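Just so you know, all these numbers are worked out from the coordinates, no wet-lab data involved. Source: prediction; values computed, not measured. In this analysis, Cβ positions are derived from the backbone assuming ideal geometry, glycine residues included, and neighbour counts consider all displayed protein chains.
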Amino acid sequence: MVDVAALRAQAPKNTAETPQQLGTVVAMLKGWVERCGWVWVEAQVIELRRRAGASLHFLTLRDVSTEVSAGITATTAVLDEAGPLTEGTTVLACVRPRVWNKTARLSFECCQIRISGEGELLARIEKLKRTLQAEGLFDPLRKKSLPLVPGVIGLITGANSAAERDVLSNTTRRWPAAKFTVRHALVQGPNSVADVTAALAELDADPQVDVIVIARGGGSLEDLLPFSDESLIRAVAAAHTPVVSAIGHEPDTPILDLVADVRASTPTDAAKRVVPDAAEERAQLTQHLTRLRNAIVGRLNAEQYELSQLTSRPVLRDAGSALNGHLEQLVMTRFRLEAAIDHVLAGENTEVGHALARIRAMSPRATLERGYAILTDSGNNSVSSVTDAEPGDQLMAYLRDGQLILEVDDAIPETGQPAQN
């Protein structure tokens, strides 16, 4: 504690007649204050002003138990070394008081800052977050989609925990056919990370498990610290099976929430994420069927109306009426064709009759009918001249009604002279 009496004894005597210069007084005050040196203090950051491009930045620290605050200056290197500082963080700061000569203003210079208590844990978690994010482990493109209805749900949780009951009861209530493979693990304490990681590897290797839920109830920052462990986070990122993180309550956000394929705010919310609601699905199916049925009936009614409109037209009401004119043309054309054919046949028939008459007139039978005869010799050769036969030859005479066998007595030429043999 500062000895005020000693300071007063050291101060120069002064009266209104012998006043001191203000600069002298400020210089003396500066010397007294800065004699305090460097000291560690615990306080809470209530304001942080980083100036872009500047090497010196300003903070306001407040006592953790009383309404006392002070302005602090710190370099960029000091702030960067401290890690991610946010307003409300409790820190340990090594400071020394300074008095500015021009304004006599009291401020504190800071040479080192350490995050204290939960703030230290949050700083470590934040630093790990930045590292994993830089590696792309939080990238939405690498996250796997959950199956619509998983065949088997893997569950990692504490034995007989409220989180286990919440996941199982809410899941089976939403989807009664849901099947589970449960692996109990320590979800708090130094062995938690190894237990959860082993259970994750076992379920991930099971081909029947379609989705894995890691569930735990709420707790303090230290209780949930295993779910921000780097080895567990990398194991979840490397898993082939989709992973759902259901850790704590809505405000709790361990790193597992960021690397998991789906983040559920609570174990109860995890049940809503992994299976659909059978009642809702049934209602939606009924609604879709009703809409489909109405759409089909509406389409049929519309088509029936169009059909009625078409059939009401005269051309469709009596489809043959459009062919009546063509039918008359066809009948007329057919009549003309038949008349032309009859005319051609009559002409051809006349020609055939004339040709037949000519043929008949020229035939031997017609000659026989007129009383003439046809003579042939014994070789059945036609005898057309008196020179073709000699006396004594036998000839065959063909008549209209039969044949005569003749014997030649004499051959008389047309001149009336006997034939010369």
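Here each label is just a point 7 Å from Cα along the line to Cβ, and for M332 and I412 those points are 7.7 nm apart.
Charge tally for K143 (other residues, Cβ to Cβ under 14 Å; Lys, Arg +1; Asp, Glu -1): +1.
Loop-located GluC sites (Glu not before Pro) across the range 36-93 with a Cβ neighbour count of 10 or fewer within 10 Å are E67, with loop assigned by DSSP.
Here the Gaussian network model covers the chain, with springs between Cα atoms less than 10 Å apart; of T60, T311, T89, T311 fluctuates the most.
Roughly speaking, what is the centre-to-centre gap between the range 54-95 and the range 390-412 when only Cα atoms are used, to the nearest Å? Using only Cα atoms, the two centres lie 167 Å from each other. Computed from backbone phi, the HN-Hα couplings of the range 77-85 come to 4, 5, 5, 5, 5, 5, x, x, 9 Hz, rounded to whole numbers (Karplus: 6.51 cos²θ - 1.76 cosθ + 1.60, θ = phi - 60°; Gly and Pro given as x). Between the range 189-215 and the range 312-346, the C-alpha centres lie 90 angstrom from each other. Angle of helix 192-205 to the longest C-alpha principal axis of the chain, folded into 0 to 90 degrees and rounded to 10: 10°. May I ask you to list the residues of the range 233-251 whose amide nitrogen lies under 19 Å from a point 7 Å from Cα along the Cα→beta-carbon direction of T86? Answer for this model: 247-251. Against the empirical curve 2.2 N^0.38 Å, the C-alpha radius of gyration of the range 150-276 lands at a ratio of 0.93. Placing a pseudo-label 7 Å from each Cα along the Cα-to-Cβ vector at E135 and A278 gives an inter-label distance of 4.2 nm. Rounded to the nearest 10 degrees, the inclination of helix 324-362 to the longest alpha-carbon principal axis of the chain is 30 degrees.
Taking Cα atoms, how many degrees apart are the long axis of helix 162-174 and the longest axis of the chain, rounded to 10 and kept between 0 and 90? That helix lies at roughly 20 degrees to the long axis. Taking the empirical scaling 2.2 N^0.38 Å for compact globular proteins as reference, the chain has a Cα radius of gyration ratio of 2.94. The 3J(HN,Hα) values that the Karplus relation (6.51, -1.76, 1.60; θ = phi - 60°) gives for the range 366-374 are, in residue order, 4, 5, 5, 4, 8, x, 8, 10, 10 Hz. Gly and Pro appear as x.
Residues W38, W175, W32, arranged from fewest to most other Cβ atoms within 10 angstrom of their Cβ, appear as W38, W32, W175.
Please compare each pair in K127/K179; K143/K272; K144/K179; K129/K179 to a cut-off of 29 Å on the Cα-Cα distance and tell me which ones are over it. Pairs exceeding 29 Å: K127/K179; K129/K179. Helical runs (DSSP H, four residues minimum) scored at -39500 (n - 2.57) apiece and divided by the length of the chain put the mean residue ellipticity at 222 nm at -13500 deg cm²/dmol.
In the chain, a dipole from Cβ-located charges (positive for Lys and Arg, negative for Asp and Glu) runs towards its positive end, and of N191, G88, G218 it is G88 whose Cα lies farthest in that direction.
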